[in-house]
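A.B. asks: Structure incoming, see below.
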Amino acid sequence: MADLKLINMRDVEVESISWLWYPFIPYGKVTIIQGDPGEGKTTLVLQIIARLTKGESIIDEKEKPQINVIYQTAEDGLADTIKPRLLSADADCSKVLVIDDRDTPLTMRDVRLEQAIVETNAKLVVLDPIQGFLGADVDMHRANEIRPIMKHISELAEKYKCAIVLIGHMNKCSVRKSAYRGLGSIDFQAAARSVLIVGRIKDEPEVRVVCQTKSSLAPEAKAVAFRLSEETGFEWIGELDITADDLLS
């Protein structure tokens, strides 16, 4: 039986939240970015990475400290997909690190994840997609299996004051609220402090929108739009008056 340990709130030091991208992605917490396949989730994240590795803010060109990023993908090739996209976004690729898991697949409970954060002092960790890093023995629909994993990843983010971003796909149910469209257990969303949905405007296929459906640490943000086109590539458009439920319907 474990020894009882109590924390007296009188002894807890108040800390303010710092932000990688206010109010969308906080440092020290888990953020989920989800959407249907092909809607631009990975492109958005790689554009964010590119700006942060160059010491730029995400939307404008203001200077910020350059940061190291750990980017893990279970779906795209590093040489033929991820590197070309980073180069297209003008990223400083020397600041993007990948844990080599070709011999032993990486999971969220893997000690190598913490080792990599310590060794690189990464301030952003991206796992794309969520289900690729749960482990073969985990059922993503079972809350009792997801809760300890999300608790562990949340503790890593808090311990090292880094932002951990999990990219997820949506389920095919079109009649449920946006909060229930994520694949797997609702406990993914419960553990995240910010949840974002990326989708496209039906009548304008080049326009994609980022909507916040959960914001535990700041007022919920207005949706922001970006354009993906063959001619101009990626460009921010600005705020848009649309809700996540409208976007998904």
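The values are calculated or read from the model by the stated rules, or taken from the named source; none is laboratory data. Predicted model only: the values in this text are computed from it and were never measured. Neighbour counts are summed over all protein chains in view; Cβ atoms, including those assigned to glycine, are modelled from backbone coordinates with ideal geometry. For the accessible areas, the whole protein counts, side chains as well, though only heavy atoms, and no ligand, DNA or RNA atoms are used. Shrake-Rupley method; radii C 1.70, N 1.55, O 1.52, S 1.80 Å.
Residues are listed down the side, and each one gets a yes or a no for (1) out of contact with any Ser or Thr (no Cβ under 7 Å at 6 or more places or on another chain); (2) of a type in the set (Phe, Trp, Tyr); (3) surrounded by 14 or more Cβ atoms within 10 Å (Cβ to Cβ):
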residue: Ala91; (1), (2), (3): no, no, yes
residue: Lys95; (1), (2), (3): no, no, yes
residue: Thr104; (1), (2), (3): yes, no, no
residue: Val111; (1), (2), (3): yes, no, no
residue: Gln115; (1), (2), (3): yes, no, no
residue: Val118; (1), (2), (3): yes, no, no
residue: Leu124; (1), (2), (3): yes, no, yes
residue: Leu127; (1), (2), (3): yes, no, yes
residue: Leu134; (1), (2), (3): no, no, yes
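A.B. asks: Residues in region 170-191 that are at pLDDT 85 or above and crowded, with 17+ Cβ neighbours inside 10 Å: how many?
C.D. replies: Here is the first cut: in region 170-191, the residues at pLDDT 85 or above are 188-191.
Next, from what is left, pick out any that are crowded, with 17+ Cβ neighbours inside 10 Å: 188-189, 191.
Residues in region 170-191 being at pLDDT 85 or above and crowded, with 17+ Cβ neighbours inside 10 Å: 3 in total.
A.B. asks: Being open to solvent by less than 60 Å² (accessible area, probe 1.4 Å), in a loop (DSSP other than H, G, I, E, B) and in contact with a Cys (Cβ under 9 Å, 6 or more places away or on another chain) is the filter here; which residues of region 213-248 pass it?
C.D. replies: Of everything in region 213-248, those that are open to solvent by less than 60 Å² (accessible area, probe 1.4 Å), in a loop (DSSP other than H, G, I, E, B) and in contact with a Cys (Cβ under 9 Å, 6 or more places away or on another chain) turn out to be Ala221, Ile242.
A.B. asks: Which of the residues spanning region 203-249 are in contact (Cβ under 8 Å) with a residue 12 or more places away in the chain and among the acidic types (Asp, Glu)?
C.D. replies: Taking region 203-249 as the starting set, the residues that turn out to be in contact (Cβ under 8 Å) with a residue 12 or more places away in the chain are 206-229, 233-234, 236-245, 247-249.
Within region 203-249, Glu206, Glu220, Glu239, Asp241, Asp245 meet the criteria.
A.B. asks: Any idea which of Ile33, Ile70, Ile58 is under 24 Å from Ile17 (Cβ atoms), buried (at least 20 other Cβ atoms within 10 Å of the Cβ) and out of contact with any Lys or Arg (no Cβ under 8 Å at 6 or more places or on another chain)?
C.D. replies: Values: Ile33 fails: out of contact with any Lys or Arg (no Cβ under 8 Å at 6 or more places or on another chain); Ile58 fails: out of contact with any Lys or Arg (no Cβ under 8 Å at 6 or more places or on another chain).
Step by step, each of Ile33, Ile70, Ile58 is checked, and only Ile70 is under 24 Å from Ile17 (Cβ atoms), buried (at least 20 other Cβ atoms within 10 Å of the Cβ) and out of contact with any Lys or Arg (no Cβ under 8 Å at 6 or more places or on another chain).
A.B. asks: Just to be sure, is Ala74 in contact with a Pro (Cβ under 7 Å, 6 or more places away or on another chain), closer than 15 Å to Val126 by Cα and among the hydrophobic types (A, V, I, L, M, F, W, C)?
C.D. replies: Numbers: in contact with a Pro (Cβ under 7 Å, 6 or more places away or on another chain): yes; closer than 15 Å to Val126 by Cα: yes; among the hydrophobic types (A, V, I, L, M, F, W, C): yes.
Taking the combined requirement at face value, the residue satisfies it.
A.B. asks: Filter region 127-150 down to the residues that are in contact with a strand residue (DSSP E or B) (Cβ under 8 Å, 6 or more places away or on another chain) and of a type in the set (Gly, Ala, Ser) and list them by number. Before you say what the answer is, go through the steps one by one.
C.D. replies: We begin by selecting, within region 127-150, every residue in contact with a strand residue (DSSP E or B) (Cβ under 8 Å, 6 or more places away or on another chain); these are 127-133, 150.
The answer is Gly132, and nothing else.
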